[in-house]
1. I need every pair where a residue in region 37-64 that is under 21 Å from residue 77 (Cα atoms) and in contact (Cβ under 8 Å) with a residue 40 or more places away in the chain has its Cβ under 8 Å from the Cβ of a residue that is among the hydroxyl-bearing types (Ser, Thr, Tyr) and in a loop (DSSP other than H, G, I, E, B), sequence separation at least 6 or different chains.
2. Which residue pairs have Cβ atoms under 6 Å apart, sit 6 or more places apart or on different chains, and have a first residue in region 3-14 that is more than 11 Å from residue 38 (Cα to Cα) and in contact (Cβ under 8 Å) with a residue 24 or more places away in the chain and a second that is of a type in the set (Lys, Arg) and surrounded by fewer than 15 Cβ atoms within 10 Å (Cβ to Cβ)?
3. Within region 55-81, track down each residue that is of a type in the set (Phe, Trp, Tyr) and at pLDDT 95 or above.
4. Output the residues belonging to region 12-34 that are loosely packed, with under 14 Cβ neighbours inside 10 Å and under 20 Å from residue 81 (Cα atoms).
5. Restricting attention to region 4-30, which residues are over 12 Å from residue 51 (Cβ atoms), touching a Lys or Arg at 6+ places or on another chain (Cβ under 9 Å) and in a strand (DSSP E or B)?
6. Let me confirm something: among 43, 52, which residue is surrounded by 13 or more Cβ atoms within 10 Å (Cβ to Cβ) and either among the polar types (S, T, N, Q) or modelled with pLDDT of 95 or more (or both)?
7. Quick check on residue 37: is it at pLDDT 95 or above, surrounded by 13 or more Cβ atoms within 10 Å (Cβ to Cβ), among the charged types (D, E, K, R) and part of a helix (DSSP H, G or I)?
Amino acid sequence: MKVNTEAGVRTITINRPEKRNALTLEMYHHLTTALTEAGGDPAVRVVVLTGAGSFFSSGNDLSNFTSMASGGMEAMAETGRTTLHS
């Protein structure tokens, strides 16, 4: 993730173009942090979420999620809920 704030606009760029910006669990954590920080910063008026290269995001990186031990999917789902509520 790349995060930039300028003139009240926080731009969060999913920066993994070689994988069509597919999201890993670690990237969800970074996204949650960036959104939470933006919400707590009175100078940030709007958040723009974009993707590097030609793609916004192809979704979840399935190789990352299928390699999780049992119980990992529940953690991933909880991280997703947290991200969406940020």
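The values are calculated or read from the model by the stated rules, or taken from the named source; none is laboratory data. Remember, it's a predicted structure, so these values are computed and weren't measured experimentally. We place every Cβ from the backbone using ideal geometry, glycine too, and count neighbours over all the protein chains shown.
1. Qualifying pairs under 8 Å: 61/24; 64/24.
2. Hits for this filter: 13/2.
3. Of everything in region 55-81, just one residue is of a type in the set (Phe, Trp, Tyr) and at pLDDT 95 or above, namely 56.
4. Hit for region 12-34 is 26, nothing else.
5. Result: 4, 9, 10.
6. Numbers: 43 fails: surrounded by 13 or more Cβ atoms within 10 Å (Cβ to Cβ).
Testing whether each residue is surrounded by 13 or more Cβ atoms within 10 Å (Cβ to Cβ) and either among the polar types (S, T, N, Q) or modelled with pLDDT of 95 or more (or both) leaves just 52.
7. In short, yes.
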